[in-house]
Each structure stands twice: as structure tokens, then as C-alpha cells.
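Below is one structure; the comments refer to it alone.
The values are calculated or read from the model by the stated rules, or taken from the named source; none is laboratory data. Every value quoted in this text rests on a predicted model; they were computed, and no experiment measured them. Here the Cβ positions follow ideal geometry from the backbone for every residue, glycine too, while neighbour counts run over all protein chains shown.
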Amino acid sequence: MQSVLALDIGGTKIAAAIVNDEGHVGNRMQTPTQKDAGNTSSLYESVLTLVKECLASSLVDPVAIGIGCGGPGKQAYEQVSPLNIPDWRDFPLREKIEKDLRIPTFIDNDAKALALAEGWIGAARGCDNYIAMVVSTGIGGGIVLNGKLLEGADGNAGHIGHIFVEPGGGLDANGVSGLLEGSASGSGLERKYGSTSKEAVEEIRIQAGIHVGRAVASIANLLDLQLAVVSGSVALGFGNIFFESAQQTINELTKIEHSQGTLIIPGGLGDKGPLIGAAAVAFRNLGKEILTKF
């Protein structure tokens, strides 16, 4: 049995764990992202310290490191510029980790990584056409069509957070109004209402669900898929009222035959999904068949 070190880098926290080739997560630890540090090397040192601690306390030697990181990226995520981590712009994360630790390292967008995880052992297992979404500090997506993860020119395919959903909606990290990320992500809601998503009242939770439902319906209509698997602290924290309002909106907007019946469901891996996804990135690059057809 092989194991890899999985690293998930988000706008709020950085998490690491040892994950084996059956998706079991162990030795899990995390640290704040410290996005106000204003220092590129300081943030990287935090990442490196966490990885070294995870390696030092592990009983197994991982064969690789898999990383899921917020986007966008360039050159298939050889360089990363997470919207909610302003300290990193065109940052060569994979190269630096591999050079410092001398362990084969593979990286991809965190939502694309989640799509791999959900198709591997999660809620989309056995499904050839779906979108997996992270609705958290930011909003990202990974799309699987005909059993294959969509990549795009630089590896950024699936960025559903930047679909237009609401005239006059909240601002995203780039200051653009009306996109999904500005209207339903934790950072967008905080910019719009001046309070954290944990403090959101019922009306805000319903509206966030409506906005996500609009985006999912657009993707379902466009790409001929009928399943959206959604994880992330905002979506899962908002709970049933969020998913119910999203589903109702999808039902209203998917009248074309191929998208009728599109479902939105919570991710099947809970808060372990991002780490299992990061591990799936590594295993996939090592030759393991992650998205198996049934």
C-alpha cells in the first residue's frame, strides 16, 4: 500500500495529512494561512514548516506530495496566484516544495482536486459527468465530462466562481460585481455584509443557495451534466436551507431535456474532501486510475 502527503492550501487555512491509496486520511494537521502577512517567503515558510511536521510525525514514508491550491494558476499550476492569497502571484510552489524536500510533488487547483476525490471514493463515484464545487472563502469548481477531468489551457477549467449570477451583486477579490464568488463565497459575503458567513442570517443563506443554483443550472444546460457535488465551509455550514434553495433554482432553470433532473448534493467526503483530493492529484500523476468507469 502506498501513501502520499496531501496538502490543501486555502484562503483561510493550510492543511496537511498522510493519505493512502484507498483514501484513508491520517496524521492530519493545519495552520492558518495568515493572508495578512504581506510576505511571500513568510507564507511559504509556514507551508514548509507544516509539511515537515507532518512528515516527521508520520510512521510511513510518502512516495509523493499532492497539493490542492486555490486558483488561478499558470502552466498547469506550475505557478499559482490564488485570488484569496494576495501574497502569492505567479508563485512557483511545486518547484520550491520539490527542491526543498526532494520528494516528487504534483499540484492542481483545489476544486479540480475535489472533483477527483468525489469521483474516486465520494458522492460522484461511478458518475461520468458532474461538477464538484468548493463554496468556502472562495468558490471553485472541477468538471468531469465523459469520465475525464477538464483541464483548459493553463489548468483552470471549471472556475464556476466567475460565472455571472446577479446584477449588482457582491464584489469578488478582483473587484468585479455580480459574479458567483462575490455573491456566495465567505469572502464575498463578508465584503458585502460586513460580517462572517458564520453570522449569516437565513435570508443570506437562501440567497447564496439561489446564486449557486443559477451557476449550476447554467453549467448543466451548457455541458450536458446532471450532478453537482458541493463542499466547503460555507455550503456545508449553511446546511439544508442552502441546498434546498439551490435545488429549487436549478429546477426552475433546467427545462431543456438534457439538463432536467439535475441534482445538487453535499460532498460525500465532508471536511476530508480537500485532502483526499490533493492525494488524488498525486496518485493520478503516479499512474493510479482515479476516475474509474463502471
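Scanning region 45-87 for residues that are basic (Lys, Arg) and touching a Pro at 6+ places or on another chain (Cβ under 7 Å) yields a count of 0.
Show me the strands (runs of 3 or more DSSP E) found entirely inside region 50-156 where at least 1 residues are over 14 Å from the mean Cα position of the chain (by Cα) and within 19 Å of residue 6 (Cα to Cα). Before the answer, list the steps.
Numbers: elements: 65-69, 105-109, 130-135, 139-145.
It comes to 65-69, 105-109.
Looking at 270, 232, just one residue is touching a Ser or Thr at 6+ places or on another chain (Cβ under 8 Å), touching a residue at least 12 places away in the same chain (Cβ under 8 Å) and buried (at least 22 other Cβ atoms within 10 Å of the Cβ), and that residue is 232. In summary, residue 91 fulfils each of the numbered conditions (1) surrounded by fewer than 18 Cβ atoms within 10 Å (Cβ to Cβ); (2) within 30 Å of residue 171 (Cα to Cα) with the single exception of condition (1). Annotation: of all residues in region 196-221 being touching a helix residue (DSSP H, G or I) at 6+ places or on another chain (Cβ under 8 Å) and not in a helix (DSSP H, G or I), the one that is surrounded by the most Cβ atoms within 10 Å (Cβ to Cβ) is 200.
Between 216, 234, the distinction of being modelled with pLDDT of 95 or more, under 19 Å from residue 251 (Cβ atoms) and outside the structural domain of residue 280 (by TED's automatic domain parsing) belongs to 216 only. Taking residue 276 as the residue in question, decide whether it is assigned to a helix (DSSP H, G or I) and of a type in the set (A, V, I, L, M, F, W, C). The answer is yes for residue 276. All of (1) crowded, with 19+ Cβ neighbours inside 10 Å; (2) touching a residue at least 60 places away in the same chain (Cβ under 8 Å); (3) in the same structural domain as residue 158 (by TED's automatic domain parsing) hold for residue 249 with one exception: (2). Counting only residues that are modelled with pLDDT under 95 and either surrounded by fewer than 22 Cβ atoms within 10 Å (Cβ to Cβ) or farther than 23 Å from residue 136 by Cα (or both), region 3-25 holds 3 of them.
Check whether at least one residue in region 162-170 is small (Gly, Ala, Ser), within 26 Å of residue 68 (Cβ to Cβ) and modelled with pLDDT under 95, and report yes or no.
Step one: list which residues in region 162-170 are small (Gly, Ala, Ser), which gives 168-170.
Imposing the further condition that a residue be within 26 Å of residue 68 (Cβ to Cβ) reduces the set to 170.
Add one more test, that the residue is modelled with pLDDT under 95, and what stays is 170.
Yes: one or more hits.
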